[in-house]
Protein chains: 2
Amino acid sequence: MKFDDKVPIYYQIKNYLYHEMLTGTLNPGDKLPAVRQLAVDLTVNVNTVQRALSEMITEGTIESQRGKGNFVTADTTRLAQLKEQLVMTQLAQVYEQLHALNLTDEEIIASLKRYIEQKGAGQNA
Amino acid sequence: MKFDDKVPIYYQIKNYLYHEMLTGTLNPGDKLPAVRQLAVDLTVNVNTVQRALSEMITEGTIESQRGKGNFVTADTTRLAQLKEQLVMTQLAQVYEQLHALNLTDEEIIASLKRYIEQKGAGQNA
DNA sequence: TATAGTGTAATAGTAAAATATAACACTAGG
DNA sequence: CCTAGTGTTATATTTTACTATTACACTATA
């Protein structure tokens with residue numbers, strides 16, 4: 001897996017797993033790949049995987065069972081909260097950044113629309 | 001100044017200076033504060049400031065005159081390009097993140113609108 | 001009870017960012 | 001010429017993320 005060297009790998013692993021958990025690749029209650037397998041898949045050290053998982057366990061989004069494996073929480077409410085939080089975090093970030101560049105609310109929305117349109121125009125498929 | 005420990009300080013200094021340059025605090029051709037003064041203001045080491053400045057000099061957004069100071073480029077075209085690039089980078093980032101969470105183009109736009117409305121509703125002033 | 005598969009943790013080493021400190025190079029003004 | 005203000009560079013040190021490696025703890029099963 002390719003990582004952005006501007007942000008810690010363990011942090012990017014969390015986002016990767018969030019993505020898997022929120023888009024159906026990993027469903028509530030599902031067992032995650034073994035930590036050693038994840039390390040291989042992501043070409044990363046076991047300890048780095050473990051660091052990401054530890055934080056997620058603390059957050060309650062995954063649950064650990066020693067000797068068995070790590071499991072996506074079966075608490076769908078918590079997963080819904082997680083998704084909402086991730087979306088809000090993203091929105092808050094763009095909004096603040098663009099607002100800081102003196103774009104008005106309307107300009108921010110307009111620029112996003114424009115971006116999406118242009119993106120679609122550039123598609124080949 | 002407060003920094004996010006998830007991303008290098010020199011990188012955040014670049015963004016700080018970009019902000020000053022694109023919102024009128026620092027105008028085209030303006031002299032920047034002395035590197036040692038910036039270091040004090042940002043409670044950061046001179047070398048860290050210098051690292052940020054070096055990259056910006058390479059990019060052509062600021063120009064260095066040894067013995068005199070660092071200056072915002074007088075090339076307003078380049079500054080406009082910089083702003084456009086920063087905006088696009090931000091938009092691309094949210095879009096990809098939210099798209100990765102299975103939000104459609106319409107949902108992305110709608111969620112941004114909703115965020116802005118709610119933000120306004122929460123204002124005290 | 002042995003073994004394979006799992007999570008967990010500790011140790012030691014490497015690399016990058018940031019710091020503290022000092023020195024060097026150039027400019028302007030007395 | 002000297003000095004103060006500026007950018008630039010270098011060295012040594014600390015901190016943090018990451019890696020490599022090893023060991024320990026628990027579960028299931030042959």
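Overview of results
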| item | result |
| --- | --- |
| Positive minus negative residues near A:L38 (Lys, Arg vs Asp, Glu; Cβ under 13 Å) | +2 |
| Long-range HN-HN contacts of B:G69 with modeled amide H, under 5 Å | none |
| Principal semi-axes in Å for region A:77-121 [√(5λ), Cα gyration tensor, largest first] | 24, 16, 7 |
| Largest-first principal axis extents, alpha carbons of chain B, Å | 53, 32, 31 |
| Per-copy distances of the A:Q118 label point, shortest first, in nm (7 angstrom along Cα→Cβ) | 2.8 |
| 3J(HN,Hα) from dihedral phi, region B:9-26, Karplus parametrisation 6.51/-1.76/1.60, rounded to Hz, x for glycine, proline | 4, 4, 6, 6, 5, 4, 5, 4, 5, 4, 4, 4, 6, 9, 10, x, 5, 10 |
| Of A:K14/A:K68; A:K119/B:K83; A:K6/B:K2; A:K31/B:K113, pairs whose Cα-Cα distance is over 29 Å | A:K31/B:K113 |
| Whole-Hz couplings from phi, Karplus 6.51/-1.76/1.60, listed for region B:32-37; x for Gly and Pro | 6, x, 4, 3, 5, 5 |
| Alpha-carbon centroids, region A:10-50 and region A:62-121: separation in whole Å | 19 |
| Minimum Cβ-to-axis distance in chain B for the rotation onto chain A, with residue, whole Å | B:V94, 2 |
| B:F3 - accessible surface, heavy atoms, 1.4 Å probe, Å² rounded to 10 | 60 |
| The protein assembly as shown - percent of accessible surface contributed by carbon and sulfur, probe 1.4 Å | 48 |
| Residue-count net charge about A:D75 - beta-carbon cut-off 12 Å; Lys, Arg +1, Asp, Glu -1 | -1 |
| Mean residue ellipticity (222 nm) of chain B, computed from DSSP H runs ≥ 4 via -39,500 (n - 2.57), nearest 500 | -20500 deg cm²/dmol |
| Amide H within-cut-off set for A:I62, under 5 Å, with H built and near neighbours excluded | A:I57, A:T73 |
| Formal net charge of residues neighbouring A:K119 (Cβ-Cβ distance under 13 Å; K, R +1; D, E -1) | -1 |
| Other copies of A:E84: label-to-label distances in nm, shortest first, labels 7 Å along the beta-carbon direction | 4.0 |
| Solvent-accessible ranking of B:S54, B:S111, largest area first, probe 1.4 Å | B:S54, B:S111 |
| For A:L26, distant residues with modelled amide H under 5 Å away | A:M21 |
| Estimated translational D of region B:9-74 in µm²/s (Stokes, Kirkwood radius over Cα pairs; 10 °C; 1.306 mPa s) | 137 |
| 3J(HN,Hα) from dihedral phi, region A:99-113, Karplus parametrisation 6.51/-1.76/1.60, rounded to Hz, x for glycine, proline | 5, 5, 8, 6, 7, 6, 3, 5, 5, 5, 5, 4, 5, 5, 4 |
| Over the protein assembly as shown: Kirkwood hydrodynamic radius from C-alpha pairwise inverse distances, Å | 20.9 |
| Interface A:B - total buried accessible surface [probe 1.4 Å, Å², rounded to 100] | 3400 |
| Copies compared at B:A100 - label distances in nm, ascending, label defined 7 Å from Cα in the Cβ direction | 2.1 |
| Ordering of A:91-102, A:57-68 by packing [mean C-beta count within 10 Å, highest first] | A:91-102, A:57-68 |
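The values are calculated or read from the model by the stated rules, or taken from the named source; none is laboratory data. The model shown is predicted, which means the values in this text are computed figures rather than measured ones. When we count neighbours, we look across all protein chains shown, and the Cβ atoms used for this are built from the backbone with ideal geometry, even at glycine. These area figures cover heavy atoms from the full protein model, side chains too; ligands, DNA and RNA do not enter into them. Shrake-Rupley method; radii C 1.70, N 1.55, O 1.52, S 1.80 Å.
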